[in-house]
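Reviewing the structure listed below.
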Amino acid sequence: SSVPPWNSGTGIPKPAMSPLHRPSSPSPTERPVPCITLSLSNLAVFIRYIRSNTIGQLGEEYVLAAKAKGTTGGKLLKRHILKNTLLPIITLLGMNLASIVCGSFIIESVFGWPGIGTLAMTAIGVRDYPVIMAYVMLSGIILVVGNFIADILYAFADPRIKREDMAN
C-alpha cells in the first residue's frame, strides 16, 4: 500500500504550506488567523499605553478649559486628547515594526508558513553566518525605517511638531 501524499507515514498531516506545496499566496481563509495572532501580542501593550495616557491627559489644564467651554466627551477625546495620546503609541509602533516582521518565526512554525523567521532559525541551527547577518541587517533596517515613519506620522498626529521643526 502506498502512503498518501499528505501523510508522511506517521499519521500526522503535513502543514498546508510545506516546502513541497507552496501556493503563490495563501487563500483568503488562511490569512486572517496568523495576522490576528501576530497582532494580539502587542495589542495589550498598546491598549495599556492608550488608557494610561488618556487618563493622564484628562487632568491637564487644556482639557479642563475645553470642558469649561462646553465641549462634549466625544469631541474632547478626538480633538484634544487623542493627538497627545497618539505620540507614544506611534513611537511604540515604529519600534515594534521590526519585531512584528522579523520575530514571526513562532507564528510561522505554528501555522506551517515558510517565512523569514523560519529561514533565520534554520540558518542559526546550521550556522549559516551570511544568512544570519542578512537577517540581523534586515531587522535593523526595518527598525530604522519604522522610526522614520513614526517621525513622519508625528507631524500628522500633532501639527505643532512640524511647526517647531520648521521654525528652527
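Taking the Cβ-Cβ separation of Ile100 and Thr72 as r and a Förster radius of 30 Å, what is the calculated FRET efficiency to the nearest 0.05?
Working from the Cβ atoms, E equals 0.25.
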(request) Please find the FRET efficiency linking Ile142 to Ser109, where r is the Cβ-Cβ separation and R0 is fixed at 22 Å, and quote it to the nearest 0.05. (result) 0.60
(message) Can you give me the C-alpha center-to-center distance between segment 57-108 and segment 126-156, rounded to a whole angstrom?
(response) 24
(message) Could you work out the pair-distance distribution P(r) of segment 102-155 from its alpha-carbon pairs, with 5 angstrom bin width and percents rounded to whole numbers?
(response) 4, 20, 21, 19, 14, 10, 7, 3, 1, 0
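Checking the a/c ratio against 1.5 first, then a/b against b/c, what shape does the Cα gyration tensor give for segment 65-130?
Values: a/c = 8.44, a/b = 3.73, b/c = 2.26.
Judged from the Cα gyration tensor, segment 65-130 comes out prolate (a/c at least 1.5, a/b above b/c).
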(request) Taking 7 Å along the Cα-to-C-beta vector as the label spot, tell me the Ile161-Leu87 distance in nanometres, rounded to one decimal. (result) 0.8
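Tell me, what % of the accessible area of segment 26-122 is carbon and sulfur with a 1.4 angstrom probe? Can you show the working numbers first?
Details: 4180 of 6070 Å².
C and S fraction of accessible area: 69 percent.
Can you give me the accessible area per residue for segment 101-155, using a 1.4 Å probe, in Å²? Present the calculation step by step, with values, prior to reporting the outcome.
Numbers: 3430 Å² over 55 residues.
With all protein chains present, segment 101-155 gives 62 Å² per residue.
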(message) Given points 7 Å out from each Cα along the Cα-Cβ axis, report the Ser52 to Ala65 separation in nanometres with one decimal.
(response) 2.8
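Need one word for segment 19-146: rounded, prolate or oblate. Basis is the Cα gyration tensor (sqrt eigenvalues a ≥ b ≥ c); a/c below 1.5 gives rounded, then a/b vs b/c decides. Can you show the working numbers first?
Values: a/c = 4.06, a/b = 2.37, b/c = 1.71.
It comes out prolate by the Cα gyration axes.
The values are calculated or read from the model by the stated rules, or taken from the named source; none is laboratory data. If you're wondering where the values come from, they're calculated on a predicted model, not measured in any experiment. Quick reminder, even Gly has a Cβ in these numbers, built from the backbone with ideal geometry, and neighbours come from all protein chains shown. Each accessible area value is taken on the protein alone, full model and side chains, heavy atoms only, with ligands, DNA and RNA left out. Shrake-Rupley method; radii C 1.70, N 1.55, O 1.52, S 1.80 Å.
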